[in-house]
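Okay, structure first, notes after.
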Amino acid sequence: MKPIIAPSILSADFANLAKDIEMINNSEADWFHVDVMDGVFVPNISFGFPVISAIHKHAKKPLDVHLMIADADKYLQKFAEVGAHNLTVHIEACTHLHRTIQGIKSLGMKAGVAINPHASVSLLENVIADLDVVLIMSVNPGFGGQKFIENTYTKIGALKELILQKNSKALIEIDGGVDLKNASKLIQAGADALVAGNTVFNSENPTQTISLLKAAGTV
């Protein structure tokens, strides 16, 4: 089965965002991955609601919105309004995670939870059955272009076991350092979705790179 490919808009050319959105629309990509950073939970700031709304207006594929922010509960309704299809929060940033997940789902969005490199997948044991997506960070959150953390493969295996054990339908998504060299190994380990930023947007032919990533599951 071919993986879900989610190019990360954070790595796009902001001066030509419409062009990059159109490229993704016409490619084999499945989702638009949108990173939201607040300068509090992570040491960087990215998109606000007007930009996400503008992306949604032109995107012909679902918005996979990844919140790297503190106190996400305040903004769930707003993210639904600007077009988020998947809304992923960080386990490390949520005091009442189960309530946040239920809040996301009540607004008609798919609920995701992200875990940082230091976090064990066992922390998800009591919520995994309620999740649509688990995002494993394979770099530390906040900046693009970091080196892939090799322990990610082990975490994918452990998460796959937990999903099967709890009869969950959650997809496993990998974010950080994904490239054409490790994509096949990630899919073989059990990943369902790959986020790719610099690998796509820094390539000479982004559309072809997306196609190669899409084919990783069949290699």
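We did not get these values from a lab; they are worked out from the coordinates using the rules stated. Keep in mind it's a predicted model, so treat the numbers as computed, not measured. Positions of Cβ are backbone-derived with ideal geometry, glycine not excepted, and every protein chain shown enters the neighbour counts.
Of everything in the stretch 45-102, what is of a type in the set (Val, Ile, Thr) and outside any loop (DSSP other than H, G, I, E, B)? Give them in sequence order. Within the stretch 45-102, ILE45, VAL51, ILE52, ILE55, VAL65, THR88, VAL89, ILE91, THR100, ILE101 meet the criteria.
Total residues in the stretch 97-111 satisfying the condition of being touching an Asp or Glu at 6+ places or on another chain (Cβ under 8 Å), of a type outside the set (Lys, Arg) and within 13 Å of VAL127 (Cα to Cα): the figure is 5. Being among the small types (Gly, Ala, Ser) and touching an Asp or Glu at 6+ places or on another chain (Cβ under 8 Å) is the filter; apply it to the stretch 169-219 and report the residue that is surrounded by the fewest Cβ atoms within 10 Å (Cβ to Cβ). Once the filter is applied, the top-ranked residue is SER211. When ALA80 is tested against (1) under 20 Å from VAL134 (Cα atoms); (2) in contact (Cβ under 8 Å) with a residue 60 or more places away in the chain; (3) among the small types (Gly, Ala, Ser), just one condition goes unmet, and that condition is (2). Of all the listed residues (ALA70, ALA80, ALA12), the sole one being over 25 Å from LYS214 (Cα atoms) and in contact with an Asp or Glu (Cβ under 8 Å, 6 or more places away or on another chain) is ALA70.
Quick one: which helices (runs of 4 or more DSSP H) lie wholly within the stretch 156-219 and hold at least 3 residues that are more than 16 Å from ALA12 (Cα to Cα) and of a type in the set (Gly, Ala, Ser)? Reasoning before the result, please.
Values: elements: 183-189, 198-201, 206-214.
Counting at least 3 such residues, we get 183-189.
Residue check, HIS118 against (1) within 15 Å of the chain's Cα centre (by Cα); (2) surrounded by fewer than 21 Cβ atoms within 10 Å (Cβ to Cβ), all met but one. Which one? HIS118 satisfies every listed condition except (1). Is the stretch 72-83 home to any residue that is in contact with a strand residue (DSSP E or B) (Cβ under 8 Å, 6 or more places away or on another chain), on the phi < 0 side of the Ramachandran plot and among the β-branched types (Val, Ile, Thr)? Within the stretch 72-83, not a single residue is in contact with a strand residue (DSSP E or B) (Cβ under 8 Å, 6 or more places away or on another chain), on the phi < 0 side of the Ramachandran plot and among the β-branched types (Val, Ile, Thr).
Of all residues in the stretch 103-115, those satisfying the criterion of being part of a helix (DSSP H, G or I) and either surrounded by 14 or more Cβ atoms within 10 Å (Cβ to Cβ) or in contact (Cβ under 8 Å) with a residue 40 or more places away in the chain (or both) are GLY103, ILE104, LYS105. Within the stretch 137-150, is there a residue that is among the aromatic types (Phe, Trp, Tyr) and within 28 Å of ASN182 (Cα to Cα)? Among the residues of the stretch 137-150, at least one is among the aromatic types (Phe, Trp, Tyr) and within 28 Å of ASN182 (Cα to Cα), which makes the answer yes. Scanning the stretch 62-102 for residues that are crowded, with 20+ Cβ neighbours inside 10 Å and charged (D, E, K, R) yields a total of 1. The conditions of being touching a strand residue (DSSP E or B) at 6+ places or on another chain (Cβ under 8 Å), touching a residue at least 40 places away in the same chain (Cβ under 8 Å) and more than 30 Å from GLU150 (Cβ to Cβ) are met by ILE55.
Quick one: in the stretch 12-61, of everything that is within 29 Å of LYS2 (Cα to Cα) and among the acidic types (Asp, Glu), which residue is surrounded by the fewest Cβ atoms within 10 Å (Cβ to Cβ)? Applying the filter and picking the extreme gives ASP13.
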